[in-house]
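The values are calculated or read from the model by the stated rules, or taken from the named source; none is laboratory data. Values in this document were obtained by computation on a predicted structure and should not be read as measured data. Neighbour counts are summed over all protein chains in view; Cβ atoms, including those assigned to glycine, are modelled from backbone coordinates with ideal geometry. Just so you know, the surface numbers come from the protein's heavy atoms only, side chains and all, with ligands and any DNA or RNA stripped out. Shrake-Rupley method; radii C 1.70, N 1.55, O 1.52, S 1.80 Å.
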Amino acid sequence: MYASREDIGYDFGDDSKVGSKPVKPNPNIDGGWAWMIVLSSFLVHILIMGSQMALGILNMEWLEEFNQSRGLTAWVSSLSMGITLIVGPFIGLFISMCGCRTTAIIGGILNALGWILSAYASNVHYLFLTFGVTAGIGSGMVYLPAVVMVGQYFQKRRALAQGLSTTGTGFGAFLMTALLKYLCTEFGWRNAMFIQGAISLNLCVCGALMRPLSPKDREKYVVRSDGEENQAKALSHSTETIKSNGVLSEEPEKKQEAANEEVLGCVQHIEIGGKSGSGRSMYGLRILKTVSQLTVTVRKGFALWYSSYFGAASLFTNRVFVAFIIWALFAYSSFVIPFIHLPEIVKQYNLSRQDNVFPLTSIIAIVHIFGKVILGIISDLPCISTWNVFLMANFTLVTCILTLPLMQTYVGLAVVCALIGFSSGYFSLMPVVTEDLVGTKHLANAYGIIICANGISALFGPPFAGWIYDITQKYDFSFYIAGLLYMVGIIFLLIQPCIQKKQPREKSTEEAQV
């Protein structure tokens, strides 16, 4: 089984200084300010993902208010969830140009604006634009930086750090479900959305906490043990092979940087030479220098973003990563569908009285918290493969999705929901698996692709379930079809690592014969 990119023999070259040991590691890596980054990411997950997991409450209010079909109304929640994730690749471009902090602050403002404007909705289609698109894009601009920053600040305890930060989804689903229920009961759903918009402005504070690491700090990022150094030696053959194909060539990037520095040097020389000139000309030179620096930053960020997707070092040349994308296309809807449609299932089975005492969505949310932390701790153990833990959690989740329609009692549904909550804790391992596949340098762009695939899954999953219900008056077939598609994605994850590991062996055999 595959455990990391070292096992696959695939690398993008961001660990070129693998064997070197830093003289003085940065205290903020795996400690210090890194825990503030975890806190910031934790709050982001509460305010964004937690709120989205509680949209079943608002979905029922919208059904009653606008008298539209379940399939059409479900598109509001799906658009919000889907667009949050689908914009991932484009948010990766923003991060490359502006950094995580600026991107997150702008996203917080946009998200709050979407909630507030949705309070004035006159129909479902208005919600598509304000809540689905506006709030969704804002959520995406905060969510991806929150995940990427944790990956940059942690190395030894990555899975645990991601697990702790993403438990905010579980806490948020529990808290926001209770909060939205209370606000809708006391003030109505419109005022509830207005208040939630004001609360969402705290995302700007979370973004301000995302202090970027300097390039020197990133060079000290990885502290290798002797065992890891020996493991790194095994990378040399595959790295040389990739270099020969032009994947790791950095000459164009170096030439681009030299040209950029030359432009800035010329502007600075003019500025120094014109000090004796008038104040107006000096002011113009400062504007020119600022514009030049901004242009260089944008060009450099776009070049990194473009090379990750379309250049010689494209992420799509990694077959295991492509299989990971295919899995993501089917996986997320299987987790989202229960959250959106469980309130309706409870009403259909006449279990509202028990559900009011302890909602099934809250059971998923609470157990989800423990699942992320426990799976993160297990994955950080030296003798445990993160990939194997990831696969086992996926198998458990798909089994629960296929079993859920068979449960028609509150106890049965509660047990299945608890298992769904625990096994879905693998979400905290997704950034770790992605980083193992492509490296830290490409994490933002790679994880942007993964959550984009998840977004497509979330976008079409709930409306599909609602459409099936409108036809059959049952949710059973929705869960069965979603579970089978999810299983197809898991099979891709199982097949590709075996193919990837088999190819180098075949090549070495041919070389031996020659």
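Based on C-alpha pairs under 8 angstrom that are at least 6 apart in sequence, region 313-502 has a relative contact order of 41 percent.
D by Stokes-Einstein for region 344-397, Kirkwood Rh over Cα pairs, 10 °C, 1.306 mPa s: 119 µm²/s. State whether region 28-212 is rounded, prolate or oblate according to the following rule on the C-alpha gyration tensor (a ≥ b ≥ c being the square roots of its eigenvalues): a/c under 1.5 gives rounded; otherwise a/b larger than b/c gives prolate, and the remaining case gives oblate. Taking the square roots of the gyration eigenvalues as a ≥ b ≥ c, region 28-212 is prolate.
Using 0.36 nm per residue and subtracting the Cα-Cα separation, the extra length available between LEU39 and TYR120 on full extension is 25.9 nm.
Between MET60 and THR409, the simple label model (points 7 Å from Cα in the Cβ direction) yields a spacing of 2.4 nm. When peptides 110-116, 198-204 are ranked by their average number of other Cβ atoms within 10 Å per residue, the highest-first order is 110-116, 198-204.
For region 28-212, the carbon plus sulfur part of the accessible surface works out to 68%, probe radius 1.4 Å.
Taking only protein heavy atoms and a 1.4 Å probe, the accessible area of region 313-502 is 74% carbon and sulfur. Here region 154-188 is scanned for amide nitrogen atoms under 19 Å from the site 7 Å beyond the Cα of PHE358 along Cα-to-Cβ, giving 170-179.
For region 194-214, the residues whose amide N sits under 20 Å from a probe point set 7 Å from the Cα of ALA178 along the beta carbon direction are 195-197, 199-200. When you work out D = kT/(6 pi eta Rh) for region 385-441 at 20 °C and 1.002 mPa s, using the Kirkwood radius from C-alpha pairs as Rh and the Stokes-Einstein form, the result is 172 µm²/s. Just list whichever of LYS372/LYS441; LYS347/LYS372; LYS156/LYS441 have alpha carbons separated by over 19 Å in the model shown. Pairs exceeding 19 Å: LYS372/LYS441; LYS347/LYS372.
Using a 1.4 Å probe, what is the accessible area per residue for region 83-205, in Å²?
About 34 Å² of surface per residue is accessible.
Applying 0.36 nm per residue to the separation of VAL488 and PHE460 and subtracting their alpha-carbon distance, the gain on full extension is 8.4 nm. The residues of region 320-361 have, on average, 34 Å² of accessible surface per residue, using a 1.4 Å probe with all protein chains present.
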